[in-house]
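Q: Take a look at this one; I'll ask things after.
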Amino acid sequence: KISSNPPEDCDFNSLFEARKSGASSPPLEPDNARLLIKSGYIRDYSMKINRAIQLLLLFLFVVNLSDGLFVPLFAVFVTDFIAGATLATVGFSTALYAITKSLIQVPTARKLDRTDGETDDYYIMITGAVIGVLHTIGLTFISTMTHLYLLAIFGGVGGAFLMASYYGTFARHV
């Protein structure tokens, strides 16, 4: 609750009136500010972010950065190193990844939401991250478009696991 009156031992009304009239007012003393916040007269809007949220945001930043750096090189790799591959092959592979991710992410998230605790979310998130790494490493071993398409489906499963558990964990810690 926010109180409509300041604490009695603070003379903030004169400060607020001076601000309204356009006159310069002395800065708010730290002790008085703490007293106002503690009394509920004003809210504390300091940036205190949960440690789990900080780590999840850093994790998502690294994942998005790596994807953003990887995707432009992916098209060059596919068209240069896989026989018969074109930009349509790249598009179809990307579509397979996205469709697989979309089909698996929602059921995975529902299953994770039905269980209590975060242990299962953690293991699914790590599994998704490991699949993402294996997907990228697997690109060095493929030689046909069929391999590329199967690997895209595998990567879509990893992306679904990773993001389904990520969003659930993030929502619980906000």
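The values are calculated or read from the model by the stated rules, or taken from the named source; none is laboratory data. For clarity, every value in this text was computed on a predicted model and none was experimentally measured. Note: ideal-geometry Cβ built from the backbone for every residue, glycine included; neighbour counts use all protein chains shown. These accessible areas exclude ligands, DNA and RNA; they are computed on the full protein's heavy atoms, side chains included. Shrake-Rupley method; radii C 1.70, N 1.55, O 1.52, S 1.80 Å.
Q: Find the Rg to Rh ratio for segment 52-119, where Rh is the Kirkwood radius over alpha-carbon pairs and Rg uses the same atoms.
A: 1.13
Q: Just the accessible area for Tyr167, please: 1.4 Å probe, Å², rounded to the nearest 10?
A: 130
Q: Right, here's the next one. Between His173 and Lys111, what is the FRET efficiency for a Förster distance of 25 Å, r being their Cβ-Cβ separation, to the nearest 0.05?
A: 0.80
Q: Give me the accessible area of Ser102, 1.4 Å probe, in Å² rounded to the nearest 10.
A: 80
Q: Which distance in nm do the two modelled labels at Lys48 and Leu73 give, with both placed 7 Å along the Cα-to-Cβ direction?
A: Placing both labels 7 Å beyond Cα along the Cβ direction yields 4.3 nm.
Q: OK, next. If each of Val133 and Thr119 carries a label point 7 Å out from its Cα toward its Cβ, how far apart are those two points in nm?
A: 2.3
Q: Another one. Order Ile104, Ile49, most accessible first, counting only protein heavy atoms with a 1.4 angstrom probe.
A: Ile49, Ile104
Q: Quick check: with the 1.4 Å probe, what order do Asp121, Asp80, Asp116, Asp67 take by accessible area, largest first?
A: The ordering from most to least exposed comes out as Asp116, Asp80, Asp67, Asp121.
Q: Under a Cβ-Cβ cut-off of 13 Å, what is the net charge of the residues other than Gln105 that fall near it, where Lys and Arg count +1 and Asp and Glu count -1?
A: That sum, taken over residues with Cβ under 13 Å, equals +2.
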